[in-house]
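Shown next, in structure tokens, is the structure this report addresses.
Since every read-out is calculated from the coordinates, none of them should be taken as a lab result. The model shown is predicted, which means the values in this text are computed figures rather than measured ones. No Cβ is skipped: glycine too gets one built from the backbone with ideal geometry, and neighbour counts run over all protein chains shown.
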Amino acid sequence: MSPLIALAILGLSPLVLGAPEVFISQGKAVGQILRSRNGREYAAFTGIPYAKPPVAELRLMPPQPASGWTGVFNATKISPMCFQKAFLRYQHGLQGQEDCLYINVYTPKLDASYPVMVYVHGGGFNFGWTGTAMKSRYFMDEDVVVVTFSYRIGYLGFLSLEDDVLPGNYGLKDQILALEWVKKEIKNFGGNPDLITAFGISAGGASTHYLCSSPKAKALLKGCISQSGIAGSIWSLHVPGDAKQTATDFAKQHGCDTRNSSKLLSCLQSLPIDVFIRRLDVLHLTNFPAPVIEKNSETAVITQWPPSHSDFPWIAGVMANEGQLFTEFIKDFATIPQKMAFYLGGNIVLARALRTPTPLISSYQIIRRFFHLKNFFRPLASYEKFFTELFWLYPALLAIDRHTGPKYFYKFGYTGGPTLWEQASNKSLNMEGACHGNDAPYFFDLSNYFEPEGWPGPKDIELSQNLIKMWVNFAKYQVPSIDIVQWDQFGKDGNYLDITNEGISMKKYSDYREIIDFWNNIHLPIH
């Protein structure tokens with residue numbers, strides 16, 4: 001028996017006879033065979049570099065395409081996560097690495113020409129990963145190729161002086177380079193380079209909105225899906241000047257000369273990696289790195305917002321109770337009205353949002369709408385509605401209303417599955433409803449993170465399969481309808497897909513115009 005065969009029998013080598021292999025411009029790569037939810041075999045190629053390591057002089061710079069290799073590349077390794085602070089409650093400290101720009105491809109058939117779905121992970125532009133956690137096997141029961149990848153996050157991905165030297169948006173530029181890699185190589189994996197759809201949740205949803213709107217990326221994509229995340233909202237786009245102030249403060253804190261941008265950049269490139277990960281105050285969302293509007297340049301992703309043209313095929317939607325993400329933090333003291341007012345005044349993002357021409361009038365209008373007397377004894381419900389509208393629902397309705405291309409809207413109110421937020425918090429929400437991020441387990445196998453006893457049940461699996469069929473149909477035809485429901489475009493009537501425990505059905509958003517008008521009259525600094 002040869003040593004190679006012996007190792008294969010012992011399970012010590014993935015590079016065995018019959019393993020899938022591809023030839024791409026970088027060289028030959030060998031992956032592995034996995035099985036879908038229903039037992040279908042598919043090929044997985046993981047950990048392929050799409051960019052050079054963004055370290056040393058490439059730190060805080062636009063990404064450079066990865067080099068090739070000689071021999072056979074082992075595409076069975078888990079892609080490293082980008083450097084970040086542990087987010088889930090059972091993780092601690094710092095994790096990941098700076099050399100993290102790798103891509104993963106999952107395909108049922110190498111000699112096909114299937115539509116391609118590129119997943120952009122979420123995590124508030126500060127967390128997230130698409131390694132073992134985000135298994136794509138649910139999609140592999142359909143004829144579709146799925147691509148996932150990592151991009152720079154936090155200060156390393158979005159620190160900006162808002163000038164030509166340190167313009168920012170490096171995480172978005174990583175995403176564009178990943179799409180360029182997909183466009184060039186995906187035919188070798190059984191994918192159709194003319195049918196590429198980007199989809200994502202939270203910051204991933206906002207990212208796909210930016211990508212489909214940017215002249216740098218829109219030609220690479222057929223359409224986009226934005227789940228619980230919209231570009232240009234107050235958490236997904238810095239108010240001009242804020243990013244520069246954050247970067248300057250950060251540089252001063254670490255002894256860099258802030259009088260010259262080039263010297264400042266050189267100083268930042270020489271700092272130890274761990275200084276870029278500071279404790280994020282999620283309660284007050286202080287100094288939250290995020291995309292910025294750039295000056296016109298060859299590498300700029302966002303040069304204006306809203307964009308001048310918005311005509312790509314698009315699905316956008318929200319969870320019914322997105323705002324529970326923040327009410328969890330204040331439930332211990334929000335029953336006291338005086339402390340509610342303290343929280344409202346102390347939240348940095350809210351303070352930024354209320355920088356209006358008439359802040360007192362705006363504050364009064366918000367209090368009258370969300371915190372009136374009839375809700376005096378239900379403050380958490382008031383906060384949930386306030387956060388849901390401000391951070392998610394209003395930006396989504398405004399963007400879908402402005403959009404001139406094919407557009408589909410949904411609201412996800414189904415409950416009973418894993419609560420992603422509980423895995424990031426030391427407390428249980430103890431609130432009914434569909435919170436931010438609760439849709440993720442219906443698209444991806446998250447059993448490496450958690451899988452509650454008794455889940456998924458038959459109804460959960462049925463919903464998951466229907467959602468995936470709709471997403472795949474959108475990637476194929478730019479129309480997300482399936483046999484059980486015709487998904488009508490949003491249109492003037494505000495048509496939307498309502499996803500609840502009672503089923504999936506079409507409804508009309510009767511008050512969507514009133515929501516848009518209210519927040520437009522608040523005159524938020526960005527939309």
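Table for the structure above
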| item | result |
| --- | --- |
| FRET efficiency estimate (nearest 0.05) - Cβ-Cβ, Ser25 to Arg259, R0 30 angstrom | 0.10 |
| Extension gain from Asp249 to Gln269, taking 0.36 nm per residue of separation minus the Cα-Cα distance | 5.6 nm |
| Of Lys135/Lys218; Lys77/Lys183; Lys77/Lys476; Lys411/Lys507, pairs whose Cα-Cα distance is over 18 Å | Lys135/Lys218; Lys77/Lys183; Lys77/Lys476 |
| Table column - 3J(HN,Hα) (Hz), segment 300-315, Karplus curve with 6.51, -1.76, 1.60, x for Gly and Pro | 5, 9, 10, 10, 7, 8, x, x, 6, 10, 8, 10, 6, x, 8, 10 |
| Sequence-distant residues sharing a close amide H with Gly122 (under 5 Å, placed H) | Ile201, Gly204 |
| Segment 79-205: C-alpha gyration tensor shape, a/c 1.5 cut-off, then a/b vs b/c | oblate |
| Placed amide H near Ile103: partners under 5 Å, 5+ positions off or other chain | Gly47, Ile48, Tyr50 |
| Two-site FRET efficiency, Val239 against Val72, from Cβ-Cβ distance with R₀ of 56 Å, rounded to 0.05 | 0.70 |
| Gain in span if fully extended, Thr303 to Lys508, counting 0.36 nm per residue against the direct Cα distance | 70.4 nm |
| Cα Rg over Rh - segment 27-89, Kirkwood | 1.08 |
| Check: segment 78-230 dipole with +1 on Lys, Arg Cβ and -1 on Asp, Glu Cβ, in debye | 240 debye |
| Estimated inter-spin distance, Thr404 and Asp493, nm [label 7 Å along Cα→Cβ] | 2.5 nm |
| Inter-site label distance for Asp483 and Asp164 at 7 Å from Cα along Cβ, in nm | 6.0 nm |
| Longest to shortest principal axis, alpha-carbon extents of segment 214-260, angstrom | 45, 22, 17 |
| Separation in nanometres of the label points that stand 7 Å from Cα toward Cβ, at Leu94 and Ser113 | 4.9 nm |
| Given charges at beta-carbon only (K, R positive; D, E negative), |dipole| of segment 167-325 in Debye | 260 debye |
